[in-house]
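Visitor: Quick one: this structure, given as structure tokens, is what I'll be asking you about.
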Amino acid sequence: MIELEKLTNIPTIDLGEIYLRAVEYEDYKDMFEYGNDPYVTKTLTWKYDEIDDAINSVKNVFLSRPSRLLPSAYAIVYKANNKMIGTCDFHTIDWDLKQGEIGYVINRKYWNKGYMTLCSKALIDFGFNYLELESIIITHDAKNTSSKRVIEKSGFRFVKDFISSKTSNLSKLYQIKKTDYRK
Ligand SMILES: CC(C)(COP(=O)(O)OP(=O)(O)OC[C@H]1O[C@@H](n2cnc3c(N)ncnc32)[C@H](O)[C@@H]1OP(=O)(O)O)[C@@H](O)C(=O)NCCC(=O)NCCS
């Protein structure tokens, strides 16, 4: 386990046209924009119907992370307009196993520019080198072909098919181990 201070004050990561910083309360407005977009949420387990859903999510899902012994979540910011366009983060960590699970979402206007692949690779580096994890897992709905591509391009290996308990859909689990990881 790493210290609470380190979980809370995560480093900013520069990725060229975008950068990653910890999620802030005011992000709820930009989060509502993509969380209310049915194209974005069609294979996800959540969506925001009302602005209050985004406010509750920032407070209870994102800003509460360190108090739940998880690192602060990263917000993805597009530098040219300083807009918060998505999140990528470790939403689950088993500190005994030193294994974390990542998730991500990005505003539809910014899809297919390679941004999430950059973010995913940065999260893997953060997981192994900052959080000192030994393995990282990720899942996607079998129909989510763009997430599958991000996962493959990031260096994850396919582990197994499973049925999601949340959606009852066929889903796929992948893993990357620190021992196999090459930056
Ligand atoms: C999945 C998601 C994060 C991808 O983000 P992104 O920034 O567009 O990803 P990238 O640009 O890095 O890579 C996307 C890849 O998917 C490919 N792709 C896009 N649509 C596709 C489709 N319908 N079929 C197959 N491949 C597709 C792109 O061509 C690209 O691959 P390439 O580099 O080999 O050409 C984004 O679409 C999203 O936020 N979706 C909604 C939320 C979500 O699904 N989150 C993941 C849950 S597991």
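Every read-out reported here was derived from the displayed coordinates using simple, explicitly stated rules and does not represent laboratory data. Everything numeric here is computed off the predicted structure, so don't read it as measured data. Counting neighbours? That spans all protein chains shown, and the Cβs are built from the backbone with ideal geometry, glycine included.
Visitor: Please compute the contact order of the stretch 4-134 in relative form: average sequence separation of alpha-carbon pairs under 8 Å and at least six residues apart, divided by the residue count, as a percent.
Guide: It comes to 24 percent, rounded to a whole number.
Visitor: Using the charge dipole of the stretch 4-134 (Lys, Arg: +1 at Cβ; Asp, Glu: -1 at Cβ; taken about the Cα centre), state which of W95, I106, P11 has its Cα farthest towards the positive end.
Guide: I106
Visitor: For the stretch 4-134, what is the charge dipole size about the Cα centre, in debye to the nearest 20, if Lys and Arg each add +1 at the Cβ and Asp and Glu each add -1 at the Cβ?
Guide: 340 debye
Visitor: Per residue of the stretch 166-178, in order, report the coupling 6.51 cos²θ - 1.76 cosθ + 1.60 (Karplus, θ = phi - 60°) as ³J(HN,Hα) in whole Hz, putting x for Gly and Pro.
Guide: Values, residue by residue: 7, 10, 6, 8, 4, 9, 10, 10, 10, 9, 10, 9, 4 Hz.
Visitor: Given the DSSP H assignment, sum -39500 (n - 2.57) over each helix run of at least 4 residues in the chain and divide by its residue total; what's the result at 222 nm in deg cm²/dmol, nearest 500?
Guide: Details: 6 runs with 44 residues, N = 183.
Computed mean residue ellipticity for the chain: -6000 deg cm²/dmol.
Visitor: Please sort by residue number the chymotrypsin sites (Phe, Trp or Tyr not before Pro) in the stretch 11-47 whose DSSP state is loop and whose Cβ has at most 11 other Cβ atoms within 10 Å.
Guide: W46
Visitor: Quick one: which residues, 5 or more positions from L15 or on another chain, have an amide H under 5 Å from its amide H? H modelled 1.01 Å from N in the peptide plane, none for Pro or chain starts.
Guide: Under 5 Å from the amide H of L15 lie the amide H atoms of L20, each far enough along the sequence or on another chain.
Visitor: Under a 5 Å amide H to amide H cut-off, with H placed in plane at 1.01 Å, what residues pair with N169 once short-range neighbours are removed?
Guide: Answer set, sorted by chain and number: S164.
Visitor: Choose one answer from L63, L131, L170: the residue with the largest mean-square fluctuation in a GNM of the chain with alpha-carbon springs under 10 Å.
Guide: Result for the chain, Cα springs under 10 Å: L170 fluctuates most.
Visitor: So which aspartates and glutamates can K172 reach, going by Cα to Cα under 14 Å and dropping same-chain residues fewer than 8 places off?
Guide: Reachable aspartates and glutamates: E101, D141, E152, D161.
Visitor: Something else about it: Mind giving me the FRET efficiency for K121 and D52? R0 is 25 Å, r the Cβ-Cβ distance, nearest 0.05 is fine.
Guide: Computed FRET efficiency for K121 and D52: 0.15.
Visitor: Still on this model: For the stretch 35-183, compute the orientation-averaged projected area of the C-alpha convex hull (one quarter of its surface), in nm². Working shown, then result.
Guide: On the way: hull surface 37.2 nm².
Average of the hull's projected areas for the stretch 35-183 equals 9.3 nm².
Visitor: Right, something else. For D89, what is the net charge nearby, where nearby means another residue's Cβ is under 11 Å from its Cβ and Lys, Arg count +1, Asp, Glu -1? Numbers along the way, then the final one.
Guide: On the way: positive: R65; negative: E101.
Once all neighbours under 11 Å are counted, the net charge is 0.
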